[in-house]
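What follows is calculated from the coordinates using simple rules that are stated; it is not laboratory data. Keep in mind that this is a model prediction, so the values were computed, not measured. Neighbour counts run over all protein chains shown; Cβ positions are idealised from the backbone, glycine included.
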Amino acid sequence: MPAEGPAGTRPDPEALVRAGGGAVWRPGPDGVLETVLVHRPRYDDWSLPKGKLEDGEHPLAAAVREVAEETGLAVVAGRRSVRTEYPVEAGTKRVDYWLMRSAGGEFTPCDEVDALRWLPVEEARAAVSHEADRAVLDDLTRTDVPREPALALVRHAHAGSRSEWDGPDELRPLSTKGRRQARELAAALPLFGPRELLSAPRTRCRETLEPLAEALGLPVGELPELGEEEFAADPPTGLAVVDRLLEPRTDGGVTVVCSQGGAIPSVLVSLGVRFAGVGGGLWPPAAKGSTWVLGGRPGALSADYYRDFGPDGENPAR
């Protein structure tokens, strides 16, 4: 018999409670990978930090916010991890997890979380109270793909109609919708710790990165090899640039590159990316204002697609 909810009501099996969480990691003093567990006095359990989405919030933003609130830690978002689902009083709880590198901060006990432990992952796996958390910790220990991405490949935001633009196409600017998308990217992409911003030589590409550049205090460099026409004329040179940009940074963080719809899918296919759609082999999408976050090398590549960073914009791919 299903558990009853408040006031004697039964849970709605169709109701979905959405949440985001993080497997926060750091190298321990002896080089052993460590992760964070939190103790919640309300449930008297040890678990990974997580919490419910706020209205209009993307699961990644919720995950980083909840980790900060429950642990006091600053983090850099990494590879998308597993999604867990389990029954709760309200229906079904879905938690999307990300791997997150610890970047400092200090824990302060509160009513919701009264204790925090850094443990080697194997010890954490034994200590967690819920089996679903073990699946996330197993993903954290994978060695076939990196925990952190190196490249965020952004398609430029929405631009004005080509037929209504009188000037050269390379100078066509963003539309009102595109400027809004650029602001959304400027709010979301700092979660990945950008270290460098590069743009194809098109006004709409550069304008897509300008709000992010202003937020981070970084310049926008030019990357002609990944312009649509330039890449079509010389794919090997463009792919060599991508290979270089995928080299992991010793200090983490990503290079953000803004390119065009004629180049991005071709780059992804060359890297071996297949979108997780019908049959698992669809041409990778690249909607305007979308982002592919990439790490590793062909054959050992993580590739996470973010159609946008609104509440329904997540769309996992491998």
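Taking all Cα-Cα distances within the range 151-315, those exceeding 21 Å account for 43%. Among Gly160, Gly31, Gly51, the largest mean-square fluctuation in a Gaussian network model of the chain (Cα springs under 10 Å) belongs to Gly31. Its Cα centre serving as origin, the chain has a Cβ charge dipole (Lys and Arg +1, Asp and Glu -1) of approximately 480 debye. For the chain, the mean residue ellipticity at 222 nm estimated from helices alone is -7500 deg cm²/dmol, where every DSSP H run of n ≥ 4 contributes -39500 (n - 2.57) and the total is divided by all residues, rounded to the nearest 500. Taking other C-beta atoms within 10 Å as the exposure proxy, His58, His39 rank His39, His58 from fewest upward. Note on Arg83 and Ala287: with the Förster distance fixed at 22 Å, the Cβ-Cβ geometry gives a FRET efficiency of about 0.55. Across the chain, the fraction of Cα-Cα pairs farther apart than 30 Å, rounded to a whole number, is 37%.
Phi-derived couplings, Karplus 6.51 cos²θ - 1.76 cosθ + 1.60 at θ = phi - 60°, listed residue by residue for the range 150-162: 10, 9, 10, 9, 9, 8, 3, 6, 4, 10, x, 4, 4 Hz, with x used for Gly and Pro. The antiparallel fraction among DSSP beta bridges confined to the range 151-315 stands at about 55%.
Note on the chain: with a GNM built from Cα contacts shorter than 10 Å, the maximum mean-square fluctuation among Gly289, Gly221, Gly104 falls on Gly104. Counting only DSSP beta bridges whose two residues both lie in the chain, roughly 65 percent are antiparallel. Its relative contact order, with pairs defined as Cα atoms under 8 Å and 6+ residues apart, puts the chain at 18 percent. Approximating the spin labels as points 7 Å out from Cα along Cα→Cβ, the Asp45-to-Ala300 distance works out to 3.5 nm.
The per residue volume of the convex hull around the alpha-carbon atoms of the range 157-250 is 97 Å³. A Gaussian network model of the chain, with springs between Cα atoms under 10 Å, assigns the largest mean-square fluctuation among Pro298, Pro224, Pro87 to Pro87. Summary value for the range 151-315: 28 percent relative contact order, contacts being C-alpha pairs under 8 angstrom separated by 6+ residues. Label-to-label distance, Ser270 versus Glu112, with points set 7 angstrom from Cα along the beta-carbon direction: 4.5 nm. Judged by a Cβ-Cβ distance under 4.7 Å, the unpaired cysteines of the chain are Cys110. For the range 6-140, the antiparallel share of DSSP beta bridges with both residues in that region comes to about 70%. Only loop residues by DSSP count here, and only those with at most 16 other Cβ atoms within 10 Å; note down the chymotrypsin sites (Phe, Trp or Tyr not before Pro) in the range 72-149 that meet that. Those that pass, being in a loop and sparsely packed, are Phe107.
Label-to-label distance for Ala126 and Ala232 is 6.0 nm, based on points extended 7 Å past Cα in the beta-carbon direction.
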